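Here's the structure, in structure tokens; my notes come after.
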Amino acid sequence: MSSKTFLTISKEECLVVYKDIINNSDNKWASAKNLTDLKDYGASTAMAIISIEELVKSIIVFLDGKGFEFRTIKGIGIIFRNHQIRHLIAFAMFVVSVFGDDLFKFLAKIRENPNEIEKFSENFKKENHELFERKLKFYLIRKIIRLKGEFDWFSQADIFRQDGFYCDYDESLKTPISISAKNHKEVIHRLEKVREVGKAIIEAYECTDEITVKYLKLAVKECKKQNLYFQIGNSLASVRQTRTNPFHLVRKSFFNGYK
């Protein structure tokens, strides 16, 4: 008799298990905070990264419990085994936070002054479409340049996770205690953004009101309609077949030409 795994438990079990995974993620995050207070920035970084990895796992299990079918994708088990795949998903969540921050700032301006939406609409109508496209392109290029730097950090997250506990010698001595408070603060801020997005996804779909349930069902149907599972499966197959770091594949597709 085969034992149960994250891939084989029922949807009902998923809705129980994901809470324990989140609790583990929260515990690791609390440990990271405590280690920060002790100025053990290396171990704190490692714990924070592990916390985010557990959050990624909990999201997949939770969403399948709510009707999605991510665990049916061929090769999806690699997400539960491979640190770098989880770090890549964490980067995708960070990207959501970057564009989300700009949206929230815009919405905040509207809340403070409702006339802002009318002003924006009028300016959009008056502006030459070619000028608008240039502004949009400039905005996106700035974001891509920023995200390229963040992408580089997430691509090395597995190294930071491992180096957080031990000393090593590579041309020079590397120790966890050599991480500066400033650099560590940037790491925690970065991962907090990922954590906020992950928590928001779960909290949004945990609601059982009629409107949330309606849009959840639409999202489940849309995933199938858009062949999302098939596309993810193809991407995972590329990683398996080429035995390449998943970040290398993404770099070739999206960040070539950006330094």
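Values in this text are rule-based calculations from the coordinates and carry no lab data. Note that the structure is a prediction, hence the values are computed from the model and not measured. Every residue, glycine as well, gets a Cβ built from its backbone with ideal geometry; the counts of neighbours run over all protein chains shown.
Among the helices of the chain, those built from whole DSSP H runs whose Cα atoms reach 24 Å or more along their own axis and whose mean Kyte-Doolittle hydropathy is at least 0.0 are 41-65, 83-112. Centre-to-centre separation between the Cα atoms of segment 160-232 and those of segment 47-103: 6 Å.
Summarising the label geometry, the points placed 7 Å from Cα in the beta-carbon direction at Arg243 and Glu206 lie 4.2 nm from one another. With the gyration tensor restricted to C-alpha atoms of the chain, the semi-axes of the equivalent ellipsoid amount to 31, 27, 21 Å, longest first. Each of Ile76, Ala32, Ala43 was scored by the projection of its Cα onto the charge dipole of segment 32-81, and the greatest displacement toward the positive side belongs to Ile76; charges sit on the C-beta of Lys, Arg, Asp and Glu.
Per-residue ellipticity at 222 nm computed for the chain from its helices equals -25500 deg cm²/dmol, with DSSP H segments shorter than 4 residues left out and the rest contributing -39,500 (n - 2.57). For segment 131-237, the set of chymotrypsin sites (Phe, Trp or Tyr not before Pro) satisfying both a DSSP loop assignment and a count of at most 14 other C-beta atoms within 10 Å is given as Phe165, Tyr166.
Scanning residues 5 or more positions from Lys174 or on other chains, those with amide H under 5 Å from its amide H are Asp168, Tyr169, with H placed 1.01 Å from N in the peptide plane.
Dipole magnitude for the chain: computed about the Cα centre from +1 point charges on Lys and Arg Cβ and -1 point charges on Asp and Glu Cβ, it is near 780 debye.
Rounded, prolate or oblate: which fits segment 184-255, taking a ≥ b ≥ c as square roots of the Cα gyration tensor eigenvalues, rounded meaning a/c under 1.5, else prolate when a/b beats b/c? Oblate shape, in that a/c is at least 1.5 and b/c is the bigger or equal ratio. Pairs of alpha carbons in segment 138-224 separated by more than 20 Å make up 60% of all such pairs. In segment 1-72, the inverse of the mean reciprocal separation of distinct Cα atoms equals 13.1 Å; this is its Kirkwood hydrodynamic radius. Distance in nm between label sites at Arg81 and Glu13, each 7 Å beyond Cα in the beta-carbon direction? Calculated label separation equals 1.9 nm.
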